[in-house]
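The values are calculated or read from the model by the stated rules, or taken from the named source; none is laboratory data. The model shown is predicted, which means the values in this text are computed figures rather than measured ones. FYI the Cβ positions are ideal-geometry reconstructions off the backbone, even for glycines, and counts take in every protein chain you see.
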Amino acid sequence: MAIVSGRRPPSPGLDLSDDAAASGLTLALPIFLGANPVTERTNEDWLRSLSEMAAVDDAAVADLREVLRRGLRRALSGRAAADDGFIEDMAQEGVLKVLSGLAMFRGDCRFTTWGITIAVRVAFTELRRARWRDVSLDRLVEDAPARCPTTPPADGSSQDARQAILAAMHGVLDSDLTDRQRQALVAELRGMPQAEIAAQMGLTRNALYKLTHDARQNLKRGLEAAGISGDEVRSTFDL
Amino acid sequence: MSLSPDELRELARYVLLTRPDEIGCDDWLGHAPRYAELVAAREPVPEPLRRAAEHLDVCPECAEEFRACLAALTAEGGSD
Ligand SMILES: [Zn+2]
């Protein structure tokens, strides 16, 4: 697989000995992982070592796993659920994702930064999945909280305006959105992770994003059609 | 359909930020590492990338992942 990355010149702000492990990670090496050094590689080196389907360079794979492990440790620091075992598993998952997605590397950043970004998504997806595993989307959306107004302002006329906007928002939600748009949007507002919503609705994450984006656009148009301006929305919600 | 005041406020915030040409989470992932490097190095962000990064304003999950990536890229004394 011939993948040529666009190697960018070192930027003045980052101490780039080209593609050393991300600068912060390299600094930590002698302190915490002196017995486990990571070979410095350019983006091209990484791609060459990892993309030979017949003979992937085992040392490069091990180094990549180490880079991801260290990146995840920093990225997830302070999260109780992210113990050593979890980080180890996610680093391994990240390696597999990176190896299977090499063609998606654009070459506009360090290879290791790209890898860490992928591993971080893998890890967060897993953390969120574990937290929301037993929550049903249907139940979550059905369980409507009691409708109660936000703290009304003292001034009666602006309270009327506020009520009009709240009513318009509910009206648009009820009539201008499809059931699936409404379901996805409300689940998102209630904190359900997109990967979980997508899985329960049988969608990819991008398809889900399009669904909720369309929903937000419908809402925006609906409010405009009701004669409600962005400024009014901003002042109503103190945004 | 009934939303709590907090949910309505968050929805209003999203609606105000909604643009026709937004990108999705998978597309953002392609931009994220470059953006993280520039932000970590406090370097200027080119306009197209800055616009792509507006995804973070309407996507709490990508925003959370981005903050974590940034933490991974910044040394902070080499501690774990
Ligand atoms: Zn996103």
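Mind checking which helices (runs of 4 or more DSSP H) fall wholly inside segment A:176-239 and carry at least 1 residues that are touching a Phe, Trp or Tyr at 6+ places or on another chain (Cβ under 9 Å)? Explain how you work it out, then say what you get.
Values: elements: A:179-189, A:194-201, A:205-225, A:230-237.
Once the helices (runs of 4 or more DSSP H) in segment A:176-239 are filtered for at least 1 residues that are touching a Phe, Trp or Tyr at 6+ places or on another chain (Cβ under 9 Å), what remains is A:179-189, A:194-201, A:205-225.
Go through segment A:107-125 residue by residue and tally those that are of a type outside the set (A, V, I, L, M), modelled with pLDDT of 95 or more and assigned to a helix (DSSP H, G or I).
Adding up the residues that qualify gives 8.
Checking the conditions here, which among B:3, B:73, B:16 is within 25 Å of residue A:72 (Cβ to Cβ) and either over 10 Å from the mean Cα position of the chain (by Cα) or more than 7 Å from chain A (Cβ to nearest Cβ) (or both)?
Details: B:3 fails: within 25 Å of residue A:72 (Cβ to Cβ); B:16 fails: within 25 Å of residue A:72 (Cβ to Cβ).
Testing whether each residue is within 25 Å of residue A:72 (Cβ to Cβ) and either over 10 Å from the mean Cα position of the chain (by Cα) or more than 7 Å from chain A (Cβ to nearest Cβ) (or both) leaves just B:73.
Which one of these does residue A:77 not meet: (1) under 25 Å from residue B:40 (Cβ atoms); (2) in a helix (DSSP H, G or I)?
Checking residue A:77 against (1) under 25 Å from residue B:40 (Cβ atoms); (2) in a helix (DSSP H, G or I), the one that fails is (2).
Do we find a residue being among the aromatic types (Phe, Trp, Tyr), at pLDDT 95 or above and under 27 Å from residue B:63 (Cα atoms) anywhere in segment A:126-142? Please lay out each step first, then the result.
At the first step, the residues of segment A:126-142 found to be among the aromatic types (Phe, Trp, Tyr) are A:132.
Add one more test, that the residue is at pLDDT 95 or above, and what stays is none.
Among the residues of segment A:126-142, not one is among the aromatic types (Phe, Trp, Tyr), at pLDDT 95 or above and under 27 Å from residue B:63 (Cα atoms), which makes the answer no.
Give, as residue ranges, the helices (runs of 4 or more DSSP H) completely inside segment B:1-62 that count at least 3 residues that are free of Cβ contacts under 8 Å to residues at least 24 places away in the same chain, under 25 Å from residue A:176 (Cα atoms) and more than 14 Å from the ligand (Cβ to nearest atom).
Values: elements: B:5-17, B:25-40, B:47-52, B:55-58.
Correct list: B:5-17.
Would you confirm, using the coordinates I've provided, whether residue B:37 is in contact with a Ser or Thr (Cβ under 9 Å, 6 or more places away or on another chain) and farther than 24 Å from residue A:126 by Cβ? Don't jump to the end; show me each part of the working.
Working: in contact with a Ser or Thr (Cβ under 9 Å, 6 or more places away or on another chain): yes; farther than 24 Å from residue A:126 by Cβ: yes.
The answer is yes for residue B:37.
I want to confirm something. Restricting to segment B:63-80 and keeping residues that are exposed (fewer than 15 other Cβ atoms within 10 Å of the Cβ) and at pLDDT below 95, which single residue is nearest to the ligand (Cβ to nearest atom)?
If we take residues in segment B:63-80 being exposed (fewer than 15 other Cβ atoms within 10 Å of the Cβ) and at pLDDT below 95, then B:76 is nearest to the ligand (Cβ to nearest atom).
For segment A:58-78, how many residues meet the condition of being surrounded by fewer than 14 Cβ atoms within 10 Å (Cβ to Cβ) and within 12 Å of chain B (Cβ to nearest Cβ)?
1
Scan A:222, A:191 and give me the residue that is under 22 Å from residue A:121 (Cβ atoms) and either within 30 Å of the chain's Cα centre (by Cα) or at pLDDT 90 or above (or both). Don't jump to the end; show me each part of the working.
Working: A:222 fails: under 22 Å from residue A:121 (Cβ atoms).
One residue alone meets the criteria, A:191.
For the subset of segment A:93-125 comprising residues that are without any contact (Cβ under 8 Å) to a residue 60 or more places away in the chain, among the aliphatic types (A, V, I, L, M) and over 20 Å from residue B:63 (Cβ atoms), which member is surrounded by the most Cβ atoms within 10 Å (Cβ to Cβ)?
A:98
So if I check each of B:41, B:52, which one is buried (at least 20 other Cβ atoms within 10 Å of the Cβ) and among the hydrophobic types (A, V, I, L, M, F, W, C)? Working first, answer last.
Values: B:41 fails: buried (at least 20 other Cβ atoms within 10 Å of the Cβ).
Selected residue: B:52, the only one of B:41, B:52 that is buried (at least 20 other Cβ atoms within 10 Å of the Cβ) and among the hydrophobic types (A, V, I, L, M, F, W, C).
Check segment B:25-35 and report whether any residue there is within 7 Å of chain A (Cβ to nearest Cβ), crowded, with 16+ Cβ neighbours inside 10 Å and modelled with pLDDT under 90. Please lay out each step first, then the result.
Step one: of segment B:25-35, the residues within 7 Å of chain A (Cβ to nearest Cβ) are B:25-26, B:29-30, B:32-34.
Retained after the next criterion (residues that are crowded, with 16+ Cβ neighbours inside 10 Å): B:25, B:29-30, B:32-34.
Pick out the ones that are also modelled with pLDDT under 90 and you get B:25.
Yes, segment B:25-35 has at least one match.
Can you tell me how many residues in segment A:201-214 are surrounded by fewer than 19 Cβ atoms within 10 Å (Cβ to Cβ) and more than 14 Å from the chain's Cα centre (by Cα)?
The initial filter retains those residues of segment A:201-214 that are surrounded by fewer than 19 Cβ atoms within 10 Å (Cβ to Cβ), namely A:201-204, A:206-207, A:210, A:214.
Those still in the list that are more than 14 Å from the chain's Cα centre (by Cα) too: A:201-203, A:207, A:210, A:214.
Number satisfying all stated conditions: 6.
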